[in-house]
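J.: Before we start, here is the structure in question, set down as structure tokens.
The values are calculated or read from the model by the stated rules, or taken from the named source; none is laboratory data. All of these numbers come straight from a predicted model, not from anything done at the bench. No Cβ is skipped: glycine too gets one built from the backbone with ideal geometry, and neighbour counts run over all protein chains shown. Protein only, heavy atoms only, side chains kept; ligands, DNA and RNA dropped before computing areas. Shrake-Rupley method; radii C 1.70, N 1.55, O 1.52, S 1.80 Å.
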Amino acid sequence: MEVGEGVTGFAPGQRVMALDGGKSSGFYAELATVSATQVVVLPDGVDLTRAAALPIAWLSAWYCVRHLARVSKADTVVVKAAASGVGTAAVQIAAEAGAPVIALAGSAEKAAWAGEFGADVTVDTSAHPDDAEVEEVLRLTDGRGADVVLDTVGGRAFGRSLREVGHGGRVVALANVALEPSTVDTRDFYPKNASILGFQLTNLQIHGYDARPDLRELADRVAAGAYRVPIETVVPLEEARTAHERLEERANRGKIVLWAGPEFGK
């Protein structure tokens, strides 16, 4: 997006990215008004389409990997739904920290694609369903379990995440796309002294999180070529329904960006 007239600290026409701070229904509009405290200037080398993916999916992955789990090269990290927007970001951020990454995805094709972002090992969970997924993660970690499990799925998958984490490990829960209860057995985590860390971006902002430093660092890393932000397609706002249908089919690879206003797709 670009800054309009009358905003202090920014120049009219300056390229920026912004969060809505949880106070509106989002940016499904040609024009939007947000607080200047939610706005970050884009560095050269980051186009507007890639910038559109950073404030939600990438910021979520960044916060969970860097701030909550505090991933280092000493950690083995499991990323669930690794072919998703958050997943592909988390794989890259964890890999850049030097951590071995096990990427889980729901098909052989998606697992192979997730491997292109720096995962050391990929697992097709359609070939390792339910308990077999846990067994495969334990096999890949020589029975120890992972140091960090990033659970972007929820529901029954969360119970498996607790069984996949090792002694003193961290399970980060940041979504429930399964839209089903996450029923767990406490015996799957407390004997291991494991930690469960919750994340929800909107509530984090409501309670005072200033995302600007993290967004600036993310944008700088993208501009430097450290991360690849996969964009499948850019569609005009009036075709939002088509974009949503493709998302619901889970057929996309990378982000689908909606474009409102002039200069479509620039």
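J.: Scanning the stretch 63-77 for residues that are hydrophobic (A, V, I, L, M, F, W, C) and either surrounded by fewer than 22 Cβ atoms within 10 Å (Cβ to Cβ) or in contact with a Pro (Cβ under 6 Å, 6 or more places away or on another chain) (or both), which turns out farthest from Val257 (Cα to Cα)? Outline the logic, then answer.
T.: Residues of the stretch 63-77 that are hydrophobic (A, V, I, L, M, F, W, C), as a first pass: 64-65, 68-69, 71, 74, 77.
Restricting the remaining residues to those that are either surrounded by fewer than 22 Cβ atoms within 10 Å (Cβ to Cβ) or in contact with a Pro (Cβ under 6 Å, 6 or more places away or on another chain) (or both) gives 68, 74.
Working: Leu68: 28, Ala74: 36 Å.
Among those that are hydrophobic (A, V, I, L, M, F, W, C) and either surrounded by fewer than 22 Cβ atoms within 10 Å (Cβ to Cβ) or in contact with a Pro (Cβ under 6 Å, 6 or more places away or on another chain) (or both), it is Ala74.
Quick grid of which residues meet (1) under 30 Å from Glu109 (Cα atoms); (2) basic (Lys, Arg); (3) surrounded by fewer than 17 Cβ atoms within 10 Å (Cβ to Cβ):
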residue: Phe199; (1), (2), (3): yes, no, no
residue: Gly208; (1), (2), (3): no, no, yes
residue: Arg216; (1), (2), (3): no, yes, yes
residue: Asp220; (1), (2), (3): no, no, yes
residue: Gly225; (1), (2), (3): yes, no, yes
residue: Pro230; (1), (2), (3): yes, no, no
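J.: Could I ask something else about it? Which helices (runs of 4 or more DSSP H) does the stretch 191-266 wholly contain that include 1 or more residues that are under 22 Å from Asn176 (Cβ atoms)?
T.: Values: elements: 201-206, 212-223, 240-248.
Output list reads 201-206, 240-248.
J.: Determine whether Leu179 is out of contact with any strand residue (DSSP E or B) (no Cβ under 7 Å at 6 or more places or on another chain), under 25 Å from Gln38 (Cβ atoms) and of a type outside the set (S, T, N, Q).
T.: Here the answer is no, as Leu179 does not meet what is asked.
J.: Please work out which one of (1) over 18 Å from Ala69 (Cβ atoms); (2) in contact (Cβ under 8 Å) with a residue 40 or more places away in the chain; (3) open to solvent by 30 Å² or more (accessible area, probe 1.4 Å); (4) not in a loop (DSSP other than H, G, I, E, B) is the condition Asp147 fails and give its number.
T.: For Asp147, the failing item is (1).
J.: Would you be able to tell me the number of residues in the stretch 113-144 that are in a loop (DSSP other than H, G, I, E, B) and more than 24 Å from Val71 (Cβ to Cβ)?
T.: First pass over the stretch 113-144, keeping only residues in a loop (DSSP other than H, G, I, E, B): 116-120, 125-130, 141-144.
Now restrict to residues that are more than 24 Å from Val71 (Cβ to Cβ): 126-127, 129-130.
Count: 4.
J.: Which condition breaks for Gly98 when tested against (1) part of a loop (DSSP other than H, G, I, E, B); (2) more than 24 Å from Ala226 (Cα to Cα)?
T.: Going through the list (1) part of a loop (DSSP other than H, G, I, E, B); (2) more than 24 Å from Ala226 (Cα to Cα), Gly98 breaks only (2).
J.: May I pose another question? Could you tell me whether the stretch 162-184 includes any residue that is at pLDDT 90 or above and out of contact with any helix residue (DSSP H, G or I) (no Cβ under 8 Å at 6 or more places or on another chain)?
T.: Checked the stretch 162-184: no residue is at pLDDT 90 or above and out of contact with any helix residue (DSSP H, G or I) (no Cβ under 8 Å at 6 or more places or on another chain).
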